[in-house]
Amino acid sequence: MKRKNIITVLIMLLVAASMLVQSCGKDNLEYPSSTLSGRFTYQGQPVKLLHTSPDLFATNAVGHLRFQQVKGDQPKYGVGLIDVYAKHDGSFSAKFFDGDYTASTGGTLKSPFEDFTHSMFVQVNGETNIGDIEVVPYWWMSNLQTTYTAGVFTATFNVAKVSTNAARTLQYVAIYLSPTNLPDIQSATQGAVGTFNAGTSTGGNLVPAATSAGGAVTIKIDLNTLTAGQKQFLKAFGGSGTIYASVGVKTTGVNDQIYSDAIQLQLP
């Protein structure tokens, strides 16, 4: 092989080796290995939040904590605010670097409970479970009972004003129907929703007044009256006609709601 060709081959090999080293360097970045977990509760009960993954929807980033690292090392990463979102059952879990953090809900009026902007101190070291975080819901739903007869879904329950914030009145309660087992305000865009404003008292539906302290609720939705388009969409996604319902309680001026668990139904 001629000397010129040998030099060219050597240069190409050096370039390839350099690229390989850079690639390995990028792949070998240190990632957080500790796990921080916890749960939002009210009087020891889990706070039931959005069913669908809240971190996928910027407008519904509910049930979240904002962490700011105050001591420790975040190699290769910025040390800005870290948002951690809760699941439907109020629990949350995320990977962190070891260190000291402060946490708050940020005062965003997105979650269905009072924001706390005071800093909660959290020390992360390995598997770190901070346990239950007791919050103050604006409104609370209890004693939910449901029936489904001849295509009519009925929900009865109690709502109670927990927060003393006068501006956080009851806006509405709703029944969400979804082709998935994640029925909420997001997934109902692919299904149907029945909304019952505060103060409703017609058609067998009963909802307390907006400024009340709460009371008994009865709401119903007749699946036989769904439009052909709604039924077709629910069947197309649900396949066998199996769909899911949930009940939500919406507070005025707050982004998201308190939800019930999913209830399985069959399209009539």
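Please treat every number below as a calculation from the coordinates, not as lab data. Fair warning: this is a prediction, and the values are worked out from it, not measured in the lab. Heads up, the Cβs are rebuilt from the backbone with ideal geometry, glycines too, and the neighbour counts pull from every protein chain shown.
Would you mind getting me the FRET efficiency between Asp100 and Ala166? Use the beta-carbon distance for r and R0 = 35 Å, nearest 0.05.
Details: r = 37 Å, r/R0 = 1.05.
For R0 = 35 Å, the calculated efficiency reads 0.40.
Calculate log10 I(q)/I(0) of region 116-268 for q = 0.08, 0.09, 0.17, 0.21 Å⁻¹, where I(q) comes from the Debye formula with a single equal point scatterer on each Cα and nothing for solvent.
Here log10 of I(q) over I(0) equals -0.28, -0.35, -0.95, -1.25.
Here are some pairs, Lys48/Lys231; Lys110/Lys220; Lys87/Lys161; Lys110/Lys250; Lys48/Lys87; which of them have Cα atoms lying more than 19 Å apart in this structure? Each step should come with its number before you reach the end.
Working: Lys48/Lys231 27 Å; Lys110/Lys220 27 Å; Lys87/Lys161 23 Å; Lys110/Lys250 11 Å; Lys48/Lys87 8 Å.
Where the Cα-Cα span goes over 19 Å, the pairs concerned are Lys48/Lys231; Lys110/Lys220; Lys87/Lys161.
Beyond 19 Å, how much of the Cα-Cα pair distribution for region 121-184 remains, as a whole percent?
For region 121-184, the fraction of Cα-Cα distances above 19 Å is 59 percent.
Quick check: pseudo-label points 7 Å beyond the Cα along Cα→Cβ at Thr189 and Thr147, how many nm apart are they?
3.5 nm
How much length would be gained if the chain were fully extended between Glu134 and Ala209, taking 0.36 nm per residue of separation minus their Cα-Cα distance, in nm to one decimal?
24.3 nm
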